[in-house]
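The values are calculated or read from the model by the stated rules, or taken from the named source; none is laboratory data. None of these values were measured; they are calculated from a predicted model. For the accessible areas, the whole protein counts, side chains as well, though only heavy atoms, and no ligand, DNA or RNA atoms are used. Shrake-Rupley method; radii C 1.70, N 1.55, O 1.52, S 1.80 Å.
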Amino acid sequence: VAVARELERRRPDLITAAWWKEERGKRIFVDYNQNAPHKTVFGAWSVRDTVTGPVSTPLWWDELADVDPRTLDLATVPGRLAANGDPWEQLNSCPQSLEPLLTLHENDMAAGLMDAPWPPVYPKQPNEPERVAPSRARGAKP
């Protein structure tokens, strides 16, 4: 949540931490809920269990505008990796601390921001916002 909120503060025109779709507009939602205990998050180079065999593929920054994710599959990614290398290869050479993120979170809580909404499979958590779309909370039709 801290990462999503900080990115939103830096680029509110492009990025949002808003959980409800109706509040996002065309901004990119940084989905912090993928870290929930019941979620299965795919790591880099993971093959998804579908008929097309898509692969969770790290990209080089200069590829983002042109790559078609539908072309990144079990048949194409090994050759792509051999030809282009691994964009994440250097990540392990410069580990970073989570302390700055924990500080951001503590600052958000001290400023009165609530925790993220928890998935509905969990009991209501302390400092968690309502689990209802803002339009429904106001009595509007969805």
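Note on the chain: along the principal axes its Cα atoms extend 53, 38, 31 Å, ordered by decreasing extent.
Rolling a 1.4 Å probe across the protein heavy atoms gives segment 1-100 an accessible surface of 75 Å² per residue. In plain terms, the chain from L81 to K21 could stretch by 18.1 nm, reckoned as 0.36 nm per residue minus the Cα-Cα distance. Shown for segment 102-142: the carbon plus sulfur share of the solvent-accessible area, taken with all protein chains present and a 1.4 angstrom probe, equals 61%. Share of carbon and sulfur in the accessible area of segment 1-71 stands at 56%, probe radius 1.4 Å. Here the extension length gained between E128 and L59 equals 21.4 nm, from 0.36 nm per residue of separation less the Cα-Cα distance.
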